[in-house]
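Let me begin by presenting the structure, written as structure tokens, before commenting on it.
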Amino acid sequence: MAHEALTPSGAAPAIGPYSPVVRVGRTLYLSGSIPLDPASGQLVAGDITAQTERVMQNMRALLAAGGVGFGHVVKTTVFLADMNEFAAMNEVYARYFSAPYPARSTVQVARLPRDCRVEIEAIAILD
């Protein structure tokens, strides 16, 4: 099955040889989003709350490129630099989703790109 890389408006550009969002049939695959400011391409300053907020805003732009929103997300994976920041990340994350919530995995990793605190990837289903 063919896949199509979408060009999101208002999201941070890719920092490597990958597509930020790909459509395959009725499914969108969002690459891991890190807290990059779309205007400057720089990592946002601040704690896990500020960084998670920027990631979620970037994800909103990626989803919009496919014509959908957070209600279409069926699976996410959250990568944290420090699992002690789970509650603060989760508080921001919860503002973007409503029941039925997507399936989710959350893991602590040794290091993330540009030494950010959080990265989130997602899968969404199109109508």
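Tabulated data
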read-out: Leu43 being of a type outside the set (Asp, Glu), within 17 Å of Pro13 (Cα to Cα), at pLDDT 95 or above and over 12 Å from the mean Cα position of the chain (by Cα); value: yes
read-out: Options Val107, Val44, Val73; residue that is in contact with a helix residue (DSSP H, G or I) (Cβ under 9 Å, 6 or more places away or on another chain) and within 26 Å of Leu126 (Cβ to Cβ); value: Val73
read-out: Tally of residues being buried (at least 17 other Cβ atoms within 10 Å of the Cβ) and under 17 Å from Ser33 (Cα atoms) across segment 81-101; value: 5
read-out: Members of segment 85-115 that are closer than 16 Å to Val44 by Cβ and among the charged types (D, E, K, R); value: Glu85, Arg114, Asp115
read-out: Meets criteria (farther than 18 Å from Pro35 by Cα and in contact with a Pro (Cβ under 7 Å, 6 or more places away or on another chain)) for Val55; value: no
read-out: Close pairs from segment 79-93: first of a type outside the set (A, V, I, L, M) and modelled with pLDDT of 95 or more, partner buried (at least 18 other Cβ atoms within 10 Å of the Cβ) and in a helix (DSSP H, G or I), Cβ under 6 Å, at least 6 apart; value: Glu85/Ile48
read-out: Qualifying residue in segment 29-36 (condition: of a type in the set (Phe, Trp, Tyr) and either touching a Leu at 6+ places or on another chain (Cβ under 8 Å) or on the phi > 0 side of the Ramachandran plot (or both)); value: no
read-out: Residue match in segment 6-17 (condition: touching a Leu at 6+ places or on another chain (Cβ under 6 Å), in a loop (DSSP other than H, G, I, E, B) and free of Cβ contacts under 8 Å to residues at least 40 places away in the same chain); value: no
read-out: Identity of the residue in segment 86-108, assigned to a helix (DSSP H, G or I) and in contact with an Asp or Glu (Cβ under 8 Å, 6 or more places away or on another chain), that ends up farthest from Arg60 (Cα to Cα); value: Ala88
read-out: Flag for Ala124 being surrounded by 12 or more Cβ atoms within 10 Å (Cβ to Cβ) and outside any helix (DSSP H, G or I); value: yes
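The values are calculated or read from the model by the stated rules, or taken from the named source; none is laboratory data. Quick caveat, the model's predicted, so the values are computed rather than measured. For neighbour counting, all protein chains shown are included, and Cβ atoms are generated from backbone atoms with ideal geometry for every residue, glycine included.
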